[in-house]
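Down below is the structure, laid out as structure tokens.
Quick note: the coordinates plus some simple rules give every number you see, no bench work behind them. Worth saying up front: this structure is predicted, and the values here are computed from it rather than measured. Cβ: placed from backbone, ideal geometry, glycine included. Neighbour counts: every protein chain shown.
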Amino acid sequence: MAQLDRVLRSNIKLRHLQLLVALDQFRHLGRTSELLSVSQPAVSRMLTEIETMLGQVLFLRSTRGTEPTQAGVAMVRFARSVLAQYERTRDEIGALESGAVGRVRVGAMGVALSPLLADAVELLKHHSARATVLIETGDLTNLLPKLRLKEIDLFVGRLEPGYASPDLTTEPLYAEPMVAVVAAGHPLARRRKPGWADLAAMPCVMPPPWASLRVKLEQQFHRYGVQPPEDIIESSSYRAVEVFVRRRGAAGFMAQSAAREAEQAGALSVLRLQVDLDLPSVGIIALRDVRPTPVAMQLMHFLRLAAAEKRPRRRAG
């Protein structure tokens, strides 16, 4: 254990960590050598050097490529975390030198992308035009690991209770209902009272099977006495919803704010259909023990301001 500690603290270099991440990504010595602009024998020698230092086999080599061992998986996770922190620190110092405010990396679900995040970024840019915002879209399944590896600074989306953890902080911002959408001009958009049976008979764009929203939507079909549609495309991307709703004459489901924006742009129509789902609030997730950079703190402040505009105002007594 003492030798391992010494190797991790003193002997492992950034080029070693970059090699491990590239090998995990490509699972092939040749493609890894192309990425790192070194020869394949050099890649093989460097991997052997790391394994000798650690006293562990990290990747199994075969004619088909490379496969990480359990020790390899642990080292790749360590490498990703260190490289992410290195990039974060480099960007922060570089921003100070150049006079820019800095760079913040955000993981966002479709429900938070527009208008919430778009409004917050607009406020940030008005305050600090040279601040850079990197946005990765996806769901909690894909983005939380990136948050834990410090590859993103914060997550904005639905605060699913099943993902709560002691290492995370969650901050609810507002409630965001779902609505059903069809292409602009679709006959169902002109109905005063479309029903769930109408949607069940159509192609539908639904969330992936592992998403809690998928289960809730299927329960809604059953609640109204119909089977969920059989002709489906599965995606959590609102862009995919827009594309296939228009191309296939399908129905889809989106957050109300995003759907209203698309409707105003003439891309979709929101159906007059009650979508009564018990949904988690939209909010911010961050790592509990990591202090946000100044620009990340600024963006979170503007997210709160943008969210306050979306919350219903109470009437005076």
**Prompt:** What number in nm² do you get for the chain if you take the convex hull of its Cα atoms and divide its surface by four?
**Reply:** 22.3
**Fill in**
Computed about the Cα centre, the charge dipole of the chain from +1 Lys/Arg and -1 Asp/Glu charges at the Cβ has a magnitude in debye, to the nearest 20, of 400
**Request:** Express in nm, to one decimal, how much length is gained between Leu305 and Ser37 on full extension, taking 0.36 nm for each residue of separation and deducting their alpha carbon distance.
**Result:** 91.9 nm
**Message:** How far apart, in nanometres, would the label points at Arg64 and Tyr86 be if each is projected 7 angstrom from Cα along the Cα-to-Cβ direction?
**Reply:** 3.1
**Fill in**
Using alpha carbon positions and the Kirkwood radius, the Rg to Rh ratio of the stretch 144-267 is 1.01
**Asked** Using unit Cβ charges (K, R positive; D, E negative) and no other charged atoms, how large, in debye to the nearest 20, is the dipole of the stretch 178-270 about its Cα centre?
**Response** 280
**Request:** At a Cα cut-off below 30 Å, give the lysines reachable from Lys150, other chains included and same-chain residues fewer than 8 away excluded.
**Result:** Lys13, Lys125, Lys310
**Message:** At 27 angstrom or more along the helix axis (alpha-carbon based) and mean Kyte-Doolittle of 1.6 or higher, what helices does the chain contain? Whole DSSP H runs only.
**Reply:** none
**Tail beyond 14 Å, pair distance distribution of the stretch 155-194 (Cα, percent)** = 64
**Request:** Report the label-to-label distance for Arg260 and Gln274 in nanometres (one decimal), using points 7 Å from each Cα along the Cα→Cβ vector.
**Result:** 2.0
**Item:** Neighbourhood charge, 13 Å Cβ-Cβ cut-off, centred on Leu140 and excluding it, Lys, Arg +1 and Asp, Glu -1
**Value:** 0
**Prompt:** the stretch 203-243: percent of C-alpha pairs farther apart than 16 Å?
**Reply:** 35
**Fill in**
Rounded to the nearest whole number, the Stokes-Einstein translational diffusion coefficient of the stretch 9-168 at 25 °C and 0.890 mPa s (Kirkwood radius, C-alpha pairs) in µm²/s is 136
